[in-house]
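S.K.: Pasting a structure below so you can have a look.
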């Protein structure tokens, strides 16, 4: 059981790394470093001296590794947690999602980086990350060793409030990331040369598609503060009730502030690779923190659900 939990957490970390490597591929202009798929310049190994090909190949290698880890997680879920529908269901849904993600990667290469496919590719990675976080959290909560740390959360209004804010933030962040991915690949990233305004004191974009896309991403990112701040405050206030609340509140708050700063620096310094990669990686980390908050707030272990729903003396079969 402990090995399954470690594998689930390791897969979460590997998925975050994959998203960061994908961001580096985009930032370095290596998306077509391998103009074919699944081979690279017709071979299994990229040509020596071709930097872009090696960067793209490294992304494919990490993606393949994550795919194998997702499959292994599904096997461990079936082996140790087959009595928990959520864990088995999420683990087995993730397997075809990884296949779809690979297909989107292939389409991205075949169609030479269309912005809408690149954005969808990034969003699908976040969905995979969400499910993997859910599997890791559920495995932790279902472990009998952690029973003494658990509370029945489904009856606590504060947990429901945290969960609702987390889910709303995730939906808003998904839209923000999708537009951000589209913006980067469409060439709109540099449409506004300053921050927080666009090209001078302009608050609203002109009738220019790139400016509109760029400012839409900024407005979505700015609007997220009205969900993230209440989430952080509500979670922090509940730190004495839920063991996970304090760390989640601090991590989410620090990451969001860092994301705003990195976003501004990206514009001011004309999107250098390290800042561009950091921007996407921090967004993925915020996504993971919100997912942890939502899942801890809403998820109740099987033993708790049985205890809440069943009359005393009646045992529910596994």
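The values are calculated or read from the model by the stated rules, or taken from the named source; none is laboratory data. Note that this is a predicted model, so its numbers are computed, not measured. Methodologically, a virtual Cβ is constructed for each residue, glycine included, from the backbone with ideal geometry; neighbour enumeration extends over all protein chains shown.
S.K.: Quick one: residue 76 ticks every box in (1) crowded, with 20+ Cβ neighbours inside 10 Å; (2) assigned to a loop (DSSP other than H, G, I, E, B) bar one, so which box is it?
M.R.: Status for residue 76: all satisfied but (2).
S.K.: Is it the case that some residue within region 34-53 is assigned to a helix (DSSP H, G or I), surrounded by 20 or more Cβ atoms within 10 Å (Cβ to Cβ) and modelled with pLDDT of 90 or more? Break it down into steps so the answer makes sense when it comes.
M.R.: As a first pass, look at region 34-53 and keep what is assigned to a helix (DSSP H, G or I): 51-53.
Now restrict to residues that are surrounded by 20 or more Cβ atoms within 10 Å (Cβ to Cβ): 53.
Narrowing further to those that are modelled with pLDDT of 90 or more: 53.
Yes - at least one qualifying residue is present in region 34-53.
S.K.: Right, next: Do you know which residues across region 79-88 are assigned to a helix (DSSP H, G or I) and either under 17 Å from residue 2 (Cβ atoms) or modelled with pLDDT of 95 or more (or both)? Can you show your working first?
M.R.: Start the filter on region 79-88 by keeping residues that are assigned to a helix (DSSP H, G or I), which leaves 79-80, 85-88.
Matches in region 79-88: 79, 80, 87.
S.K.: Filtering region 232-265 down to residues that are in contact (Cβ under 8 Å) with a residue 60 or more places away in the chain and within 27 Å of residue 182 (Cα to Cα), which residue is surrounded by the most Cβ atoms within 10 Å (Cβ to Cβ)? Can you show your working first?
M.R.: Applying the first criterion (in contact (Cβ under 8 Å) with a residue 60 or more places away in the chain) to region 232-265 yields 234-235, 237-238, 241-243, 245, 263-264.
Filter once more, keeping what is within 27 Å of residue 182 (Cα to Cα): 263-264.
Details: 263: 22, 264: 15.
Going through the qualifying residues, I end up with 263.
S.K.: Is one or more of the residues making up region 245-256 outside the structural domain of residue 115 (by TED's automatic domain parsing) and within 29 Å of residue 30 (Cα to Cα)? Walk me through how you get there before you give the answer.
M.R.: First, pick out the residues of region 245-256 that are outside the structural domain of residue 115 (by TED's automatic domain parsing): 245-256.
Those left that are additionally within 29 Å of residue 30 (Cα to Cα): 255-256.
Within region 245-256 (the criterion being outside the structural domain of residue 115 (by TED's automatic domain parsing) and within 29 Å of residue 30 (Cα to Cα)), the answer is yes, since at least one residue qualifies.
S.K.: Right, next: Would you mention how many residues in region 209-231 are surrounded by 15 or more Cβ atoms within 10 Å (Cβ to Cβ) and farther than 28 Å from residue 162 by Cβ?
M.R.: 7
S.K.: Restricting to region 267-318, count the residues that are at pLDDT below 85, surrounded by 14 or more Cβ atoms within 10 Å (Cβ to Cβ) and closer than 27 Å to residue 217 by Cα.
M.R.: 2
S.K.: Could you say whether any residue in region 143-151 is buried (at least 16 other Cβ atoms within 10 Å of the Cβ), on the phi < 0 side of the Ramachandran plot and either in contact with a strand residue (DSSP E or B) (Cβ under 6 Å, 6 or more places away or on another chain) or assigned to a helix (DSSP H, G or I) (or both)? Spell out the reasoning first.
M.R.: Initially, region 143-151 is screened for residues buried (at least 16 other Cβ atoms within 10 Å of the Cβ), giving 143, 150.
Those still in the list that are on the phi < 0 side of the Ramachandran plot too: 143, 150.
Filter again for either in contact with a strand residue (DSSP E or B) (Cβ under 6 Å, 6 or more places away or on another chain) or assigned to a helix (DSSP H, G or I) (or both), leaving none.
No, region 143-151 contains no residue that is buried (at least 16 other Cβ atoms within 10 Å of the Cβ), on the phi < 0 side of the Ramachandran plot and either in contact with a strand residue (DSSP E or B) (Cβ under 6 Å, 6 or more places away or on another chain) or assigned to a helix (DSSP H, G or I) (or both).
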